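Taking it in order: structure first as C-alpha cells, then the write-up.
Just so it is clear, none of the values below were taken in a lab; they were calculated from the coordinates. Keep in mind that what you see is a predicted model, and the values were worked out from it rather than measured. FYI the Cβ positions are ideal-geometry reconstructions off the backbone, even for glycines, and counts take in every protein chain you see.
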Amino acid sequence: MILAKSDPQIDLKTHINDCINILKSLEICIPKLKIFDLEFFQTLKLAIVIHDLGKIHPEFQKYIRGNDNIWKFQRHEIYSSLFISSFSQIEYKTKLILHFTVLCHHKDLTFLQKHLYRNNTTDEINLLLDSNLKSSYINFPNDIEKKIASKILIDFGYELSQLNSESPKDVIKKFLNEKNSINTKTGLLYTLFLGALKQCDHLGSAQINNIPELKSENFSFLDKYISTLKNHNKHLFHHQIISSESNDNVLLIAPTGSGKTESSMLWLKNQLKNTNSFGRVFYILPYIASINAMYERLSGLFESKKIVGMIHGNLTEYLNQYFSSKNYSIEEINIEINTLKEKFKQISTPIKVCTPFQILKHLFGLKHFEKGIVEMVGAYFIFDEIHSYDPRITAQILVLLNFITDRLHGKVFIMSATIPTFLKELINENISQKINIIYPDNQTLNEFNRHRVILKNGLIDNSLKFIKKLLSKRSKILIVCNTVNKSQKIFRDINDLNLNSLLIHSRFTGKDRIEIEKNIKDGNINILIGTQAIEVSLDLDYDILISELAPLDALLQRFGRVNRKREKGISDCYIFSESDKNSKKIYGLEILEKTLDALKKIEKKDEGIIHENRIQIYIDEVYPNWTQSQENEFDTSFNLFKNRLNNIFPAVYSESSEEDFYKQFDGIKILPVEFEEDYLKFLNELDFINAESL
C-alpha cells in the first residue's frame, strides 16, 4: 500500500479520491471558475492525480512509516512534477499550469528555488541536501516506480507515456522571472488553479466528503416572513420588492428597522433562482458585536450552523461562552472550538459573517491567499453599514469592490441607513458592472417618521437632575456617551438610584462583554448606558434616547435603537448641544458644528420631527465631501492598495505584505490586574481557551 498520510494512515488512491470529491463540490459551489478556463475542472483533476505521485518514492514511503530512510527532507511535490512530461498530448500552456500548481501546493517559489540550488552542482535534477546520496535519487522514477505510477494513473483514467527530463529548476526559474501578478489574466489564472488544488488537498486531507451548498429550500424562512406580514395585514416594503427582483449589484439606502437584512436575503434568493448556480456568500459588518448578533440571527433563519459561519478576531471568546453554556468539559470545549474555527476558516460554510479584513487580507498576499481568492470567485458580498469605515479602510474596500466585480465575476449588495452622496458616487465609480441604487418609496419613508429631536443646553454629565426626571416616567431609556469615561460616570450616578441599569462599552473584557450582550438581548434592562458600541448593537428597542452631540450619521444610528418597531408613535431623542474637548478630538469640531446646525434646522422647520425623506439633504450638508486631511488619507490609501495588486503574485509570499496588513491592528490586548490570578490559573491548567477569553 502506498501511503499518502501517516496519522491516520491514508493510502494515496484514497487521498486522491477524497480530493476529487472536493473538486466535484467546487464544480457545484463555484461554477464560475470555468469562466477563466473552460477546461478548468478537467485540468484541476489531473493536477490532483499528479500532485502526490512523488510520494511513491521508496525513501518517502520509509520516512512516512517511521522506518530508517535517507529521504533527508526532500520535497515530494518536486518528484511529482516529473510525471507531467508524460502527458505529451497536453498543450504547453496547460503543462505550465500543472507544473506551477503541483510544485507550489505546499511551498512558495522562493523556498523551492533555494531548496533546488542548495547544492552547487550542474545535475539537472539535484534534489538532495546531502550530495553523497545523490546517486540513489537521480534515476527516479525507475521501472518499478513507473509501474506503480502507471497503475494509479490508469485507475483515474490517464496513461503514463514516455517521461522527458524536464528540470524543476528551469520551470521554477521561469515562473520567478515572469512573475505574473493577480492583476493580470495569467497571474489570476495561476492563482485560481493553485488555490483550487490547495482547497481540494486541505479539505481532502481532513476527509471532508463535500462542501455544503445553498439551495432554494434554504430560503423557506422568507416565505414564512412574507406569510407573517400578510397575517398582520402588512406586505413587503417597496425597496424589499425591488431588491427581490434585481439581478444587478445593489446599493440600498433605507432607514434602520426597515428590513434591509431581509432585502439582502430576497436579493440573494433571486440570484440563485435566475442563475441556477451559486457562489459563496460573505455578509460583511464593521463591528464584532454586530457580527456575533448577525451570525446568531442568520443561523436561526437558515436553521443550520452548517450553512452559516463566522470569522473575526474574538471568535474564540464567543465560542467559549457558547459551549460553556452547554455544560461541556474543558477538553470537549477546546475540541469543539478548534473544530468550528477551522470549519469557519475553510470554504465549508456557504455563508460567512465577517469583517472586511477577513477578505481584504487576501489582496495583501498573505500565505495561502490563493485559497481565499478561489472562494471569492462568483461570490455574493453583502456589505452592511458601509459608511462606518474611516477613509483608509473605505479606500481599500472600494479597490476590493472593483476587483470583485471586474475580475472575479462577483456581485455586491451594499446597504446603509445613511450614506453621503459623494460616497455613493465613489461606490458607483468602482463597481465595474451595473449597480441598482434602491430607495424606499415616499409612503414607506413617511411610515418611518418616528423620532423627535429635542436639543438641550449644556453637557450631558451636568444634567443628572434632568435625567432623573425622565427616569421617573419608568420608560426604557437609552443613554449614549462619546467616551468610556463619560459613560462610566453617568452609570455610577444612575446606578446609585437602584434601578435596573446596565453599562456597555469597548473596554470590558471579552468574557464580560459577551455576558452583557446576552443580558441586553434578554430585554430586561430598563436603562442602558454606553458608548458608540450601542450604535451597532442589533435588536435594541428603547422608548427615549439621551445622547451627547455626535456626527449626524452616528446620531441617526442611535435614533434607530429607539422606537425601532414603530409602535410608540413619535419618540423623543434628547441631544445635549455642548461638546467637551474629548468629543471634539474624536469627531472634529467642524463635523459637530455642522451636525448641530442641521439639528437646529430640524427643530425650527419640522418641530424636531426627523422626516426620513429629508435625511439625505442633511447628511450631504454635514458631509459634502471628505475633509482635506481625510481626502489625502483616502487618495493615498486608494492608490497604494490599487498598485499593491500589481505586486501580489501567486506562490510568492512577502513578509512586508504581512506586516503591512497586521500593522493596521496595532492595539495591544490588556487585562485588568485583578484577573491575573485567574489568567495564570488557566495557563497552569493548559486551559488556553479560557485564558484568552478573560
**Message:** Just want the ordering: I382, I148, from fewest to most Cβ atoms lying within 10 Å of their own Cβ.
**Reply:** I148, I382
**Fill in**
FRET efficiency for T14 and L680 from the Cβ-Cβ distance with R0 = 41 Å, rounded to 0.05, comes out at 0.35
**Complete:** Magnitude of the Cβ-charge dipole (Lys and Arg +1, Asp and Glu -1) of the chain about the Cα centre, nearest 20 debye, reported as 860 debye
**Message:** How big is segment 165-270 along each principal axis, measuring the range of its Cα positions in Å and listing the largest first?
**Reply:** 76, 34, 21
**Request:** Give, in whole angstrom and from largest to smallest, the semi-axes √(5λ) of the equivalent ellipsoid of segment 3-205, with λ running over the eigenvalues of the Cα gyration tensor.
**Result:** 26, 21, 16
**Request:** Please quote Rg/Rh for the chain to two decimal places, taking the Kirkwood radius as Rh and restricting both calculations to Cα atoms.
**Result:** 1.03
**Fill in**
Between T228 and E429, the FRET efficiency computed from the C-beta separation at R0 = 45 Å comes out, to the nearest 0.05, as 0.70
**Asked** Among L470, L98, what is the fewest-to-most ranking by other Cβ atoms within 10 Å?
**Response** L470, L98
**Asked** Got a sec? Which residues in segment 495-521 would a label at L671 touch, if it sits 7 Å along Cα→Cβ and we count backbone N under 14 Å?
**Response** 509-512
**Message:** Strictly greater than 23 Å: what percent of every Cα pair in segment 372-458 meets that?
**Reply:** 37 percent
**Cysteines without a disulfide-compatible neighbour (Cβ-Cβ under 4.7 Å), the chain** = C29, C104, C354, C481, C573
**Asked** In 10 Å bins starting at 0, how do the alpha-carbon pair distances of segment 345-388 split up by percent?
**Response** 23, 58, 18, 0
**Asked** On average, how much area does the Cα convex hull of segment 450-610 cover when viewed from any direction, in nm²?
**Response** 8.9 nm²
**Whole-number percent relative contact order across segment 1-128, with pairs defined as alpha carbons under 8 Å at least 6 apart** = 21 percent
**Request:** Determine which lysines satisfy two conditions relative to K146: a Cα distance under 26 Å, and not lying fewer than 8 residues away in the same chain.
**Result:** K5, K13, K45, K55, K62, K72, K93, K95, K107, K134, K169, K198
**Asked** Where Rh is the Kirkwood radius over the Cα pairs of segment 449-510, the temperature 37 °C and the viscosity 0.692 mPa s, what D in µm²/s does Stokes-Einstein return?
**Response** 250 µm²/s
**Request:** Please determine, in degrees from 0 to 90 and to the nearest 10, the orientation of helix 220-231 with respect to the longest principal axis defined by the Cα atoms of the chain, where the helix direction is its Cα long axis.
**Result:** 20 degrees
**Request:** Determine which residues of segment 417-440 fall in the zone a paramagnetic label at E631 would reach in this model, i.e. backbone nitrogen under 17 Å from the point 7 Å along Cα→Cβ.
**Result:** 420-427
**Item:** 0 to 90° range, to nearest 10: angle between helix 589-606 axis and the chain longest Cα axis
**Value:** 50 degrees
**Request:** Positive end of the charge dipole of segment 3-205 (Lys, Arg +1 and Asp, Glu -1 on Cβ, about the Cα centre): tell me which of L44, L82, F193 has its Cα farthest that way.
**Result:** F193
**Complete:** Expressed as a percent, the portion of alpha-carbon pairs in segment 490-567 spaced more than 14 Å apart is 64 percent
**Request:** Excluding residues on the same chain fewer than 8 positions from K424, give the lysines whose Cα lies under 21 Å from its Cα.
**Result:** K260, K411, K434, K594, K642
**Percent breakdown of C-alpha pair distances by 10 Å bin, ordered from the shortest bin, for segment 15-71** = 21, 36, 22, 16, 5
**Prompt:** In degrees from 0 to 90, rounded to the nearest 10, what is the angle of the helix 260-275 Cα long axis to the longest principal axis of the chain?
**Reply:** 40 degrees
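Between their Cα atoms, which of K486/K511; K234/K565; K465/K581 are more than 18 Å away from each other?
K486/K511; K465/K581
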**Request:** Quote the charge dipole size of segment 450-610 about the Cα centre in Debye, to the nearest 20; the model charges only the Cβ of Lys and Arg (+1) and of Asp and Glu (-1).
**Result:** 220 debye
**Asked** What ranking do V652, V102 get, fewest neighbouring Cβ atoms within 10 angstrom at the top?
**Response** V652, V102
